[in-house]
1. Quick one: which residues, 5 or more positions from L232 or on another chain, have an amide H under 5 Å from its amide H? H modelled 1.01 Å from N in the peptide plane, none for Pro or chain starts.
2. List the lysines whose Cα lies under 18 Å from the Cα of K88, skipping any in the same chain that are fewer than 8 positions away.
3. List the aspartates and glutamates whose Cα lies under 18 Å from the Cα of K260, skipping any in the same chain that are fewer than 8 positions away.
4. Can you order the peptides 78-85, 191-198 by their average number of other Cβ atoms within 10 Å per residue, highest first?
5. Mind ranking 115-126, 274-285 by how tightly packed they are, going by the mean number of other C-beta atoms within 10 angstrom, highest first?
6. Would you mind telling me the share, in percent, of accessible area of the chain contributed by carbon and sulfur at probe 1.4 angstrom?
7. When the dipole is taken about the Cα centre of the stretch 156-310, and only Lys, Arg (+1) and Asp, Glu (-1) are charged at their Cβ, what size is it in debye, to the nearest 20?
8. If you place +1 on the Cβ of every Lys and Arg, -1 on the Cβ of every Asp and Glu, and leave all else neutral, what size is the dipole of the stretch 18-126 about its Cα centre, to the nearest 20 Debye?
Amino acid sequence: MKFSHTTVLQNEMVSHVLTNTNGTYVDYTLGGGGHSLALAEGLSNLGCIIGVGQDGEAIEAAKERLRGAQCKFISVRDNFSNINGILKENGIEKVDGFIFDLGVSSHQLDDGARGFSYMNNGKLDMRMDQRNSLTAYDVINTYTEEHLRNIIRDYGEERWASRIVDFIDRARMRRPISTTEELVHVIKAAIPSAARRDGPHPAKRTFQAIRIEVNNELGILRKAMEDCINHLNKGGRLGVITFHSLEDRIIKNTFRDMSKDCICPSEIPICICNHRRQVRSVGKAIRPSLQEVKENPRARSAVLRVVEKV
């Protein structure tokens with residue numbers, strides 16, 4: 001299947017993050033290279049982009065798209081939790097900007113074989129980096145009921161989490177749930193028909209929750225943001241696109257804390273945290289235009305937040 005992905009908020013991201021045409025930039029969620037390509041178009045031959053991704057197919061697609069770029073392009077297959085190691089390995093201490101697009105690529109969603117899609121059948125997988133061992137199959141078939149219920153409730157914000165897990169447990173006791181189609185069937189059976197008439201696809205929230213668990217998407221976010229800020233030049237910028245409220249809440253709260261001189265609890269009369277302001281917000285949160293959502297419905301929940309190193 002040919003790799004394809006529609007980049008969300010591409011112009012908005014690049015226009016806010018690109019401040020030095022001779023600078024070094026890191027795209028830590030490379031995907032198919034959409035944001036990196038737009039960055040490259042604004043950089044001189046002295047500029048440099050490091051593109052980091054977990055998906056081997058996506059990296060190859062990005063390398064092909066950036067083959068003719070005048071700036072230097074370095075691709076790295078790794079997880080953005082290893083920010084410090086990636087920069088050290090490339091002999092880089094400070095950069096001028098970081099880009100994060102935390103959504104799943106259109107290619108991954110549409111390719112049933114990757115197991116992300118509740119619309120296309122395939123084996124339960126959902127690994128962004130297929131070198132990792134934990135799969136959606138493992139989560140669905142081996143996690144305890146309580147653990148699975150917490151994941152679907154907390155990561156998917158699914159009101160029917162308990163009922164869904166009850167149905168999953170009954171189904172997996174008969175035989176393992178092996179495909180996305182089987183899981184969708186179980187979820188649909190669990191959610192009352194009246195609740196399925198309105199809103200998104202009934203399996204959307206559960207699939208989101210399982211994907212987050214498989215890839216530890218939320219567990220690494222705050223530290224990743226802090227590491228990025230430490231590697232930014234003064235005036236350098238960090239832009240992050242989120243696609244659901246849990247991600248956005250973590251990013252919003254992290255940026256808020258890093259923009260304050262003190263983060264002590266309000267009941268403490270004097271500052272003991274010794275925390276100092278590191279960033280300032282660049283404008284308000286940015287959402288896709290109505291036209292972009294019309295052309296790419298998957299963009300509708302995207303939120304872009306940008307901060308600048310002070």
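1. Residues meeting the criterion, in which the H sits 1.01 Å from N, are V95.
2. K72, K223
3. Cα-Cα hits under 18 Å: E226, D227, E308.
4. Working: 78-85: 17.2, 191-198: 10.6.
Final packing ranking: 78-85, 191-198.
5. Working: 115-126: 20.1, 274-285: 13.6.
The peptides rank, most packed first, as 115-126, 274-285.
6. Numbers: 7000 of 14960 Å².
Here carbon and sulfur together make up 47 percent of the probe-accessible area.
7. Once rounded to the nearest 20, the dipole reads 280 debye.
8. So the dipole magnitude of the stretch 18-126 works out to roughly 180 debye.
The values are calculated or read from the model by the stated rules, or taken from the named source; none is laboratory data. As the structure is a prediction and not an experimental result, all values here were calculated from the model. Glycine also receives a Cβ, built like all others from the backbone with ideal geometry; neighbour counts cover every protein chain displayed. Ligands, DNA and RNA are excluded from the accessible area calculation, which covers all protein heavy atoms including side chains. Shrake-Rupley method; radii C 1.70, N 1.55, O 1.52, S 1.80 Å.
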